[in-house]
Amino acid sequence: MKTPPSVTQTGHQAVLKYTSLVLLVVQNASLILIMRYTRTQPGDMFIATSAVAVVEVLKLAMCLILLLFEQKGIVGLTKLLHTTIVLGPLDTIKVAVPSFIYTFQNNLLYIAISNLDAATYQVSYQLKILTTALFSVFMLQRSLSKLQWFALLVLFTGVSLVQVQRQGSKPLASGVAQNPFIGLMAVVAACITSGFAGVYFEKILKGSDVSVWMRNVQLCIFSIPISLITMLLNDGATIREHGMFFGYNFYVWLVIVIQALGGLIVAVVVKYTDNILKGFATTIAIIVSCVVSVYFFSFEVTAMFMLGATLVIISVFLYSKPSSAPPVVKDKLTPELEVSSGAVARSV
């Protein structure tokens, strides 16, 4: 007796749902932990601005490969690129602002992870939920439920508690200096830029039928030159002396690959999961980061940190709780997830 197609399809979607969630947890936790390691390891330090540029180039290559398969050959890909970019320059120019902001944000995140331990960073970066919500209210005139406003208050309180104990500058065992205040400022700035860019992107491109992969190609058209210019302006002297890939090792390349793959993972997660499951994935990633930080980075878990992290986790679930109002059908992916960079910075 054959299994009905609908049952097979449902089973297939369930497998994709939980597989993508596992990948999202692994990507979220591993990226932050490995980034932290690469920024605190002894020896030659790699140039963070060059890593941001390499991620954008690799992401462009991945998206073009996916479009190549989607269009069933180079001819179809060429036609798509010509139609979307050459014949529709205004649509492409619209993404210049978020491209610049996301590039700036990715550089900020390297500053943050260089000055904050992985667990504190992971918890603090959830402030992007607050900034995205506020920009949605002011720019898109969206209304939030009382529960969501309460969740945002809990989120802010939780992050504040986590940061209370992180005062003063203390060098690590490797000799690398860090400044928690600079790290906090970088995280806050990254959350603000993430919220604004995501909402701005949604506002100008709402209703567009351009695929997620093509939209990322458009972003890369601007983000690659912007990241290269940033790299030369900020670290030009070091690059001229040592080269663009100075300090690169296996772990640095691993960070770059995970960041570039992040967008593909988030695209699958958005398609096959809901906000509750994404909140669950975020919670697991925070817990994993805390546990690994204790054993590998000598992170001290205090009562204040535990209380703050718990409040942040609770706020994520409260904010993601389905509304009692009838659901609104969306005709496209939400932009913050659609353009994901990885982000660490664009997706989660």
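From the list Leu90, Leu81, the one residue that fits, being more than 22 Å from the chain's Cα centre (by Cα) and modelled with pLDDT of 90 or more, is Leu81. Is it the case that Ser30 is open to solvent by 10 Å² or more (accessible area, probe 1.4 Å), in contact with a Gly (Cβ under 8 Å, 6 or more places away or on another chain) and in a helix (DSSP H, G or I)? No; evaluated as a whole, the condition is false for this residue.
Yes or no: Ser160 under 23 Å from the mean Cα position of the chain (by Cα) and either open to solvent by 20 Å² or more (accessible area, probe 1.4 Å) or at pLDDT 95 or above (or both)? Spelling it out, Ser160 is indeed under 23 Å from the mean Cα position of the chain (by Cα) and either open to solvent by 20 Å² or more (accessible area, probe 1.4 Å) or at pLDDT 95 or above (or both). Candidates Leu80, Leu68: the one that is closer than 21 Å to Leu261 by Cα and either part of a loop (DSSP other than H, G, I, E, B) or among the aliphatic types (A, V, I, L, M) (or both) is Leu68. Residue count for region 95-144, restricted to those that are free of Cβ contacts under 8 Å to residues at least 24 places away in the same chain and not hydrophobic (A, V, I, L, M, F, W, C): 3. Within region 222-253, the set of residues being closer than 23 Å to Leu33 by Cα, open to solvent by 60 Å² or more (accessible area, probe 1.4 Å) and either without any contact (Cβ under 8 Å) to a residue 24 or more places away in the chain or of a type in the set (A, V, I, L, M) (or both) comprises Phe250, Trp253.
Residues in region 39-60 that are part of a helix (DSSP H, G or I) and more than 18 Å from Gly243 (Cα to Cα): Arg39, Thr40, Glu56, Leu58, Lys59, Leu60.
Scanning region 18-53 for residues that are among the β-branched types (Val, Ile, Thr) and without any contact (Cβ under 8 Å) to a residue 60 or more places away in the chain yields Thr19, Val22, Val26. Each residue in region 165-221 was checked for being touching a Lys or Arg at 6+ places or on another chain (Cβ under 9 Å), assigned to a helix (DSSP H, G or I), over 30 Å from Phe69 (Cβ atoms) and at pLDDT below 85, and 0 of them qualify.
When region 83-100 is examined, which residues are found to be surrounded by fewer than 22 Cβ atoms within 10 Å (Cβ to Cβ) and in a helix (DSSP H, G or I)? Thr83, Thr84, Ile85, Val86, Pro89, Leu90, Asp91, Thr92, Ile93, Ala96, Val97, Phe100 - these are the residues of region 83-100 that are surrounded by fewer than 22 Cβ atoms within 10 Å (Cβ to Cβ) and in a helix (DSSP H, G or I).
Identification of helices (runs of 4 or more DSSP H) wholly contained in region 248-348 with 2 or more residues that are at pLDDT below 85 and touching a strand residue (DSSP E or B) at 6+ places or on another chain (Cβ under 8 Å) yields 250-272.
For region 104-143, taking the residues that are assigned to a helix (DSSP H, G or I) and of a type in the set (Gly, Ala, Ser), the one that is nearest to Phe181 (Cα to Cα) is identified as Ala112.
The values are calculated or read from the model by the stated rules, or taken from the named source; none is laboratory data. Predicted, not measured: the structure shown is a model, and the values here were computed from it. So basically every Cβ, Gly included, is an ideal-geometry build from the backbone, and we count neighbours across all protein chains shown. Heads up: the accessible areas ignore ligands, DNA and RNA and are worked out on the full protein's heavy atoms, side chains in. Shrake-Rupley method; radii C 1.70, N 1.55, O 1.52, S 1.80 Å.
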